[in-house]
1. List the number of the failed condition for A:Phe212; all other conditions in (1) within 14 Å of chain B (Cβ to nearest Cβ); (2) under 26 Å from B:Thr84 (Cα atoms) hold.
2. Considering only region B:37-77, state which residues are buried (at least 18 other Cβ atoms within 10 Å of the Cβ) and more than 22 Å from A:Glu172 (Cβ to Cβ).
3. What is the one condition in (1) on the phi < 0 side of the Ramachandran plot; (2) crowded, with 18+ Cβ neighbours inside 10 Å; (3) at pLDDT 95 or above that A:Gly26 does not satisfy?
4. Of all the helices (runs of 4 or more DSSP H) wholly in region A:15-133, which have at least 3 residues that are farther than 19 Å from B:Ala135 by Cα?
5. Just to be sure I understand, how many residues within region B:113-166 are under 20 Å from B:Leu209 (Cβ atoms), part of a loop (DSSP other than H, G, I, E, B) and not polar (S, T, N, Q)?
6. Could you check region A:160-193 and list, in sequence order, the residues that are within 14 Å of chain B (Cβ to nearest Cβ) and either among the small types (Gly, Ala, Ser) or in a loop (DSSP other than H, G, I, E, B) (or both)?
7. A:Thr124 fails exactly one of the following numbered conditions: (1) within 11 Å of chain B (Cβ to nearest Cβ); (2) surrounded by fewer than 24 Cβ atoms within 10 Å (Cβ to Cβ); (3) of a type in the set (Ser, Thr, Tyr). What is the number of that condition?
8. So, restricting to strands (runs of 3 or more DSSP E) that lie completely within region B:1-100, which ones have at least 3 residues that are under 20 Å from the mean Cα position of the chain (by Cα) and away from chain A (no Cβ under 14 Å)?
Amino acid sequence: MIDKFVASMEEAMAGIQDGSVVLLGGFGMVGQPDALIDGLIAQGAKDLTVVANNAGTGHTGLARLMELGRVRRIICSFPRSAGSVVFEALYSAGRIELEIVPQGTLAERIRAAGAGIPAFFTPTGAGTRLAEGKETREFDGRTHVLENALPGDVALIEAWRADRFGNLTFRESARNFNPIMAMAAKLTIVQTQHAVFAGGLHPEVIVTPGIFVDRVLHVPYAMPVEKGGENA
Amino acid sequence: MPDTAPLSVMPLDRHGIAARIARDIPEGWYVNLGIGIPTLVAEHVPAEREVIFHSENGVLGVGPSPPPGVVDPWLINAGKQPVTLRPGGSYVHHADSFAIIRGGHLDLCVLGAFEVAENGDIANWATTKNDAAAAVGGAMDLAAGARRLWVAMEHTTKEGKPRLVARCTYPLTAQGVVKRVYTNLAVLDVTPRGFVVVEMVRGLDFESLQAQTDARLHQAA
């Protein structure tokens, strides 16, 4: 019987290697798999490249992983926000590498990785410093920039409901990067708010089919808020 | 007061700029609003005029902020503020949300800016050439992808430095994309000959507006 549910965080995190590229779902706190990030902190993998929209806030979750010196490089669109104190300190000390990517290019690079597309041209960023050193080509008289796919070794995903096949639904704007990151990694690990019986998700509402999912951990009562209670 | 009395200049406040923009958005448009003055535009579109607001984080049909006490923490906008969903709204993942933007499906995007140049260049994400960690977010995608890009901003900086310039000095967000600029003093179209003044606030004359603008202004033909 196929059963992608794992019984423990240790089982969920098993085998994540040093040097991995980790795709981290979420937009700020919403849709971010907080429990799995804590699991990764406990698991110990280091020298990581993290791909996420934001570079963490406060001193928990992604910010904690960075503060512990486990992240060599971060690829994101919006590193600087209220509370991104750990990132600021590490970056100004030269202790973390940063690649800034326009948010839509970031999403499309991830989607392309999941869809077997090695690179694509986009007008986004053309003529700006984020296109410096990149190959360009004219289409219909407009300059386009060549962008490479961004595959992950591991994706950490937050879902709302999951069944044992790994079929997933998401809640409202917590969907964000999660479905495309689930497609783009060799090992996709999900935390789900609700575990449902097989067949309990109507096929019409499944957003991510289980083919993209390797492991599911049931983490009830996860809230997309910081301990202070405010979204960030 | 006699008609001949000189009028004092009445610059628009932030809500005034937003309300002026809202007047130009017809029913049926799909619109993305940036952070700052653009966000206020939604408040000035009358409830009976159906305009569908998009947010980069995958929300189509964004409604107003919820009243305190009924905040849904899973439903936020691109500024990470709690919002609501209007009837007919939908959620999409990030690649589809940016396909909406980059695929040219938005009728309009309204962004704030540090500078707009007479050739339509916009600079709105990094304040210095040396800031390698500036947050770009979705600004470059929106600027390059929306069918129309309008900018909402103060005509000058607090120190009086013009923001409508011959060439941008701040790092660019996109080249040649701005169609129209709404400021506290005027509405200006970006045309092949440069900025054309569409209208000015009450009491302002063309020469005074030019004096507060780096780029050369043109009168509407």
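The values are calculated or read from the model by the stated rules, or taken from the named source; none is laboratory data. Just so it is clear, the model here is predicted, and its values are computed rather than measured. Every residue, glycine among them, receives a Cβ derived from its backbone with ideal geometry; neighbour counts consider all protein chains shown.
1. (2)
2. B:Ile37, B:Pro38, B:Leu40, B:Val41, B:Val45
3. Answer for A:Gly26: the failing condition is (1).
4. Working: elements: A:34-43, A:62-67, A:85-92, A:103-115.
Fully inside region A:15-133 and qualifying: A:34-43, A:62-67, A:103-115.
5. Qualifying residue count for the region: 13.
6. Result: A:Phe170, A:Arg171, A:Ser173, A:Ala174, A:Arg175, A:Asn176, A:Phe177, A:Ala182, A:Ala184.
7. (2)
8. Details: elements: B:30-33, B:52-55, B:59-63, B:84-91.
Strands (runs of 3 or more DSSP E) meeting the threshold: B:30-33.
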